[in-house]
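**Student:** Structure incoming, see below.
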Amino acid sequence: MRNFEQLWDKLFHPHQAQQAEIQNRLKELQELAQIALEIENRQIYKSLQTEMNELFMKYLTYVFFDGLRFIVPHLFLLAIITSKVKFIPLPVALPLLGNQVGIVILYPLMALLIHWGYKKFRSKKMQLN
């Protein structure tokens, strides 16, 4: 089970190690910038801020691409499902929706519920260990 979780993290978060390194480096630079402020050295502070901004942009790039790796399979699956089934009929009419709910609305709700349930299950599992 642990190997599956490691494989899953490697597939959907391939830049996790680089993100952690950048976060640590940003903390170091923030501490150095605070020291530069205390000794009132504007030039060092300005260069540290520039480097922090560049690193932060690199961090955001990694986060963006990891986010795409998470969302793209859902979009692909949603496209396959909607090509076969567009609406699910309901036994009752709901306000604003009527008696049919579109897969485009239902799938994201179900995905969020499953994700929330998985997180709850995982946190309970962590508490037991």
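The values are calculated or read from the model by the stated rules, or taken from the named source; none is laboratory data. Quick caveat: nothing in here was measured; it's all calculated off a predicted structure. Cβ sites come from the backbone with ideal geometry, for glycine too, and all protein chains shown count toward neighbours. With ligands, DNA and RNA removed, areas are computed over all heavy atoms of the protein, side chains included. Shrake-Rupley method; radii C 1.70, N 1.55, O 1.52, S 1.80 Å.
**Student:** Report those helices (runs of 4 or more DSSP H) wholly inside the stretch 1-98 carrying at least 3 residues which are at pLDDT 90 or above and under 27 Å from ALA111 (Cβ atoms). Walk me through how you get there before you give the answer.
**Tutor:** On the way: elements: 2-12, 16-38, 42-84.
Where helices (runs of 4 or more DSSP H) fall fully within the stretch 1-98 and carry at least 3 residues being at pLDDT 90 or above and under 27 Å from ALA111 (Cβ atoms), they are 42-84.
**Student:** Moving to a separate point now. Within the stretch 92-107, can you find the residues that are touching a residue at least 12 places away in the same chain (Cβ under 8 Å) and under 20 Å from HIS74 (Cβ atoms)?
**Tutor:** Selection gives VAL101, GLY102, ILE103, VAL104, LEU106, TYR107.
**Student:** Among the residues of the stretch 47-76 satisfying the criterion of being farther than 28 Å from LEU29 by Cα and in contact (Cβ under 8 Å) with a residue 24 or more places away in the chain, which is nearest to the chain's Cα centre (by Cα)?
**Tutor:** Of the stretch 47-76, the ones farther than 28 Å from LEU29 by Cα are 68-76.
Filter again for in contact (Cβ under 8 Å) with a residue 24 or more places away in the chain, leaving 69-70, 74.
Values: ARG69: 9, PHE70: 7, HIS74: 13 Å.
Checking each candidate, the answer is PHE70.
**Student:** Given the criteria part of a helix (DSSP H, G or I) and either at pLDDT below 80 or within 30 Å of LYS27 (Cα to Cα) (or both), does VAL104 qualify? Don't jump to the end; show me each part of the working.
**Tutor:** Values: part of a helix (DSSP H, G or I): yes; either at pLDDT below 80 or within 30 Å of LYS27 (Cα to Cα) (or both): yes.
Answer is yes for this residue.
**Student:** With (1) open to solvent by 80 Å² or more (accessible area, probe 1.4 Å); (2) within 30 Å of GLU5 (Cα to Cα); (3) touching a helix residue (DSSP H, G or I) at 6+ places or on another chain (Cβ under 9 Å); (4) among the aromatic types (Phe, Trp, Tyr) as the list, and TRP116 as the residue in question, which single condition is left unmet?
**Tutor:** All conditions are met except number (3).
**Student:** Also: Return the residues of the stretch 7-46 that are touching an Asp or Glu at 6+ places or on another chain (Cβ under 9 Å) and either touching a residue at least 40 places away in the same chain (Cβ under 8 Å) or open to solvent by 100 Å² or more (accessible area, probe 1.4 Å) (or both); say none if nothing qualifies.
**Tutor:** Of everything in the stretch 7-46, those that are touching an Asp or Glu at 6+ places or on another chain (Cβ under 9 Å) and either touching a residue at least 40 places away in the same chain (Cβ under 8 Å) or open to solvent by 100 Å² or more (accessible area, probe 1.4 Å) (or both) turn out to be PHE12, HIS13, PRO14, HIS15, GLN16, GLN19.
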